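Here the structure is laid out as structure tokens; the discussion comes afterwards.
Please treat every number below as a calculation from the coordinates, not as lab data. No experiment lies behind these values; they were computed from the predicted model shown. No Cβ is skipped: glycine too gets one built from the backbone with ideal geometry, and neighbour counts run over all protein chains shown.
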Amino acid sequence: MARGVRILVCVGLFLGLAVCPSGSFAADKAAPGKPAPVKAAQKTSPPAGVKGGAPAQPNPAAMFPAVTLPPASPEEIAKLREAAAVYEKKDYTKAIAILTPMADAGSARAAFSLGLMAMRGHGMPMSTEVAERWWTKSAKGGFPDAQYHLGFMYHQSLRGGRNPELIARLWSLAAAQGQGDAMYGMGFMYRAGDGVPKDEKKSLKMFTDAADLGHPGAAYEAGLMYKYGRTGAAKDLAKARVYLKKAADAGVPQARQELAGIK
């Protein structure tokens, strides 16, 4: 399943501002096929006798309808930058004081930031419950990084058991907005038929689209699919070389090995 994904650390993305190079996965060099370590709050165990799980929802699409995130207003950007400045100085209390009324007023970007602070224990105790609440608010507001992170939280069972349909819904929404980690995750979900009908062609498209955005793990997966002509891809060594080189250049060691095997 979704490998090499992790909690964002870029301050610009922390604030919902696209100011980091190459998106949320710029420094992702985790080995494909192995989960990257996630430094987050401990998962919360359900009360005795109660089965864990993401909130039971018969229709994830109804819970998270497709919403277009409106552009940030100059006022919102100014406040987010103000919060970024104090956050970088580790004045987390002031950052929370700036972000909370924004999130309460409907800023999906501010809500996402508060969720990250809850996961890191910055200015508040570490809490997956609090992070889930803010990320849910942000995801419903259409913020793609919140949709990805909330799905990842459920994928890792950080808030109870795993709900494939809900994960797929959240990652599909984020992928539709160009969130590369979500595309990468959906590549595995389509390949396995996990939470969505199995579709190897869609799996390949998710990997190639994410790779074209600069995702190293996705480039590796796409390269393997073209090299061996498996799971939805016709064998194409020229394309395999292109994607494996992208992954190798980004520091994926297995990609270098696979690339060396192409004559």
Item to complete: List, in order, the whole-Hz ³J(HN,Hα) value for each residue of the range 98-115 obtained from phi through the Karplus relation with A = 6.51, B = -1.76, C = 1.60 and θ = phi - 60°; use x for Gly and Pro.
Response: 7, 6, 4, x, 5, 5, 5, 8, x, 6, 5, 5, 5, 5, 4, 4, 5, x
Worksheet entry | Relative exposure of HIS149, HIS155, judged by other C-beta atoms within 10 Å (fewest first) | HIS155, HIS149
Worksheet item: Rounded to the nearest 0.05, what FRET efficiency is calculated for THR100 and ALA234 with R0 set to 45 Å and r the Cβ-Cβ distance?
Response: 0.30
Worksheet entry | Karplus (6.51, -1.76, 1.60) ³J(HN,Hα), θ = phi - 60°, over the range 78-89, in Hz, Gly and Pro reported as x | 4, 5, 5, 5, 4, 5, 4, 4, 6, 5, 5, 8
Item to complete: Counting only C-alpha contacts under 8 Å and six or more residues apart, can you give the relative contact order of the range 200-263 as a whole percent?
Response: 29
Discussion item. What FRET efficiency comes out for ALA78 versus ARG241 if R0 is 41 angstrom and r is the Cβ-Cβ distance? Round to the nearest 0.05.
Written reply: 0.30
Discussion item. As a quick test, which of the pairs LYS202/LYS235; LYS137/LYS205; LYS89/LYS137 have an alpha carbon distance above 23 angstrom in this structure?
Written reply: LYS137/LYS205; LYS89/LYS137
Item to complete: Quick one: compute a quarter of the convex hull surface over the Cα atoms of the range 200-263 and quote it in nm².
Response: 3.5
Worksheet item: In nanometres, what is the gap between the two model label sites at LYS198 and GLU129, each 7 Å from Cα along Cα-to-Cβ?
Response: 4.0
Fill in: R0 of 35 Å, Cβ-Cβ distance MET63-ASP212: FRET efficiency to nearest 0.05
0.70
Worksheet item: Which whole-Hz couplings ³J(HN,Hα) result when phi for each residue of the range 195-203 is put into the Karplus expression 6.51 cos²θ - 1.76 cosθ + 1.60, θ = phi - 60°, listed in order with x for Gly and Pro?
Response: x, 9, x, 4, 8, 5, 5, 5, 4
Item to complete: Take ARG256, ARG169 and order them by how many other Cβ atoms sit within 10 Å, fewest up front.
Response: ARG256, ARG169
Discussion item. Which of ARG109, ARG120 has the fewest other C-beta atoms within 10 Å, and how do the rest follow up to the most?
Written reply: ARG120, ARG109
